[in-house]
Every structure is written in C-alpha cells, then in structure tokens.
Amino acid sequence: MTPVTPTTRRRVTDLVGDAASAYITELQRGYHADASGAVAALAQLRRGAGKLPEDVPELWGMAGTERLYADGALPETEAVRAEAALFLAVTLYALHQQSRPEQRMHRAGVDLGTAVRRLMPGGAVDEPIRRRFVRAGTADTREALAYRLREIVSLLRRESIPLDYALLARQLYQAQLPEGLRQVRQSWGRSFHSYRPDDTEAETRPDDTASTDKDAP
C-alpha cells in the first residue's frame with residue numbers, strides 16, 4: 001500500500017472543509033427560503049445526527065459525500081475518514097438548524113470551543129457544560145465523539161448559538177489522523193479559553209424558539 005503523504009492529507013482536509021461549506025450553505029439557503037427540497041433533506045439528515053454513515057444507510061447519497069470525489073478517487077483510508085467527517089458535520093448541522101427559520105446556525109469563524117463558552121452566561125464557567133465539553137474532547141472513538149458532539153449541538157440549538165460546520169468538518173477529519181485528535185483538542189481548548197463576550201451575541205438568540213410546521217419529520 002502506498003503511504004499517504006502529508007500533502008495528500010492537507011488536500012483532503014481542504015476538500016472536506018470546502019464540501020461541507022458548499023453543501024451546508026446550500027441547505028441553509030434553501031431552508032431559509034422554505035424550499036421544499038432543503039426542508040425535506042434536513043428533516044431526513046437529522047436522523048443521522050450523532051451517528052456514523054455506515055450506521056444509517058438510508059442516508060446514503062444525501063449527505064453530500066459525492067462531492068469528495070469530484071476530482072477523482074481518494075486513497076481508501078482517507079476516503080473513509082473524509083466521508084465520516086463530512087457526514088457528521090452535515091447531520092449535526094441539520095439537527096442544529098431545526099426550528100430556527102430566521103437564523104443561520106452555520107456561521108464561519110465560530111470554533112467549537114467558542115460556541116461552548118457562549119453557552120455560559122456572563123463568561124463564567126458552567127461546570128455541567130464544561131464537563132460535556134471535556135467528554136467530547138476526551139472521546140477516544142469516532143462513535144463516542146459523534147454522540148458527545150450531538151449532545152453539545154443540542155445545547156447550542158437550544159440557545160441559538162451558531163457554529164462553523166466547515167471548520168468542524170475539517171477538524172473531524174483531522175481528528176482521525178495520527179496525532180490529529182491532539183491538535184484538534186488544542187484548537188478547541190484554545191478557543192474556549194480565549195473567548196471574550198461581545199455585544200453581537202444577542203443577535204443570534206431569538207425570543208421565540210417555537211418549532212415550525214416545516215420542521216416536522
């Protein structure tokens with residue numbers, strides 16, 4: 001088997017991030033326009049949130065993974081990792097966007113650590129939330145990480161706090177590489193500790209969080 005080079009992995013990292021950004025942006029735009037195709041797709045994709053692609057074959061062909069092969073095949077190991085990362089990001093976004101017709105829950109530049117810290121009123125550390133964040137950071141299998149991220153995304157959705165899902169997709173790919181999870185943990189921890197509140201946060205938190213008919217499964 002030909003070794004996978006660092007250059008190939010950097011290319012795949014960018015490919016995963018670009019595919020997630022393009023597909024999620026399309027879904028988000030369609031959802032806010034009340035386009036029936038996007039609304040239906042998100043309703044189905046939510047069923048895969050917190051799971052791996054091989055566990056929900058009914059979602060094959062719906063998570064945008066075909067975009068990973070637009071320029072040709074990937075090495076087998078990298079294809080498996082890339083598909084899992086993109087699938088997790090897209091399905092978690094679908095959960096996050098549910099019943100948020102006036103908001104965009106995918107927002108560039110919001111790292112997971114920043115989003116989690118925004119769950120803590122006044123910038124004070126909330127211990128139960130911190131423990132959930134730590135549990136995600138210490139997950140040692142793809143299955144555990146997927147489930148624990150689902151828990152966090154559910155909290156973010158409740159408070160209407162957005163997340164950069166293209167960045168998350170890149171990180172989920174990197175987390176599967178040798179030493180990659182350590183680097184992702186460093187990024188999450190750094191953004192958590194460096195977060196400072198600003199006056200724009202209120203813009204993402206609506207008074208009315210009632211569900212809408214278009215989100216019915």
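What follows is calculated from the coordinates using simple rules that are stated; it is not laboratory data. For clarity, every value in this text was computed on a predicted model and none was experimentally measured. Counting neighbours? That spans all protein chains shown, and the Cβs are built from the backbone with ideal geometry, glycine included.
Of Gln103, Trp60, Pro75, which is farthest on the positive side of the dipole of region 6-195, counting Cα position, with +1 on Lys and Arg Cβ, -1 on Asp and Glu Cβ, and the Cα centre as origin?
Selected residue: Gln103.
Testing the spin-label approximation: label points 7 Å from Cα along Cα→Cβ at Ser36 and Asp55. State their distance in nm.
Spacing of the two 7 Å Cα→Cβ label points: 3.3 nm.
Step through the residues of region 147-160 one at a time and calculate ³J(HN,Hα) from phi using the Karplus curve (6.51 cos²θ - 1.76 cosθ + 1.60, θ = phi - 60°), rounding each to whole Hz and writing x for Gly and Pro.
5, 6, 5, 4, 4, 5, 4, 4, 5, 5, 4, 4, 9, 6
Return the calculated 222 nm mean residue ellipticity for the chain, to the nearest 500 deg cm²/dmol, obtained by summing -39500 (n - 2.57) across DSSP H runs with n ≥ 4 and dividing by the residue count.
About -18000 deg cm²/dmol.
Quick one: what are the phi-derived ³J(HN,Hα) couplings along region 49-57, Karplus 6.51/-1.76/1.60 with θ = phi - 60°, whole Hz, x for glycine and proline?
Residue by residue, region 49-57 yields 4, x, 10, 9, x, 6, 8, 9, x Hz.
Tell me the label-point distance for the pair Arg47, Gln186, using the 7 Å Cα-to-Cβ offset, in nm and rounded to one decimal.
It is 4.1 nm.
Obtain the nm distance between the two label points defined at Arg11 and Glu26 by a simple spin-label model: each point lies 7 Å from its Cα along the Cα-to-C-beta direction.
Taking the two extended label points, one gets 2.3 nm.
Place a point 7 Å from Cα of Ser194 in the direction of its Cβ. Which residues in region 79-121 have their backbone N less than 14 Å from it?
Backbone N within reach: 109-115.
Could you give the distance between the Cα centres of region 165-189 and region 42-113, to the whole Å?
If we compute the Cα centre of each part, the gap is 15 Å.
Counting only residues 5 or more places away or on other chains, whose amide H sits under 5 Å from the amide H of Arg107 once H atoms are built in the peptide plane?
Those lying under 5 Å, H to H, from Arg107 are Leu163, Asp164, Tyr165.
If you place +1 on the Cβ of every Lys and Arg, -1 on the Cβ of every Asp and Glu, and leave all else neutral, what size is the dipole of the chain about its Cα centre, to the nearest 20 Debye?
Rounded to the nearest 20 debye, it is 620 debye.
Short version: ³J(HN,Hα) in whole Hz for each residue of region 93-99, in order, from phi by Karplus 6.51 cos²θ - 1.76 cosθ + 1.60 (θ = phi - 60°), x for Gly and Pro, what are they?
Working through the residues one at a time gives 4, 4, 5, 5, 7, 3, 6 Hz.
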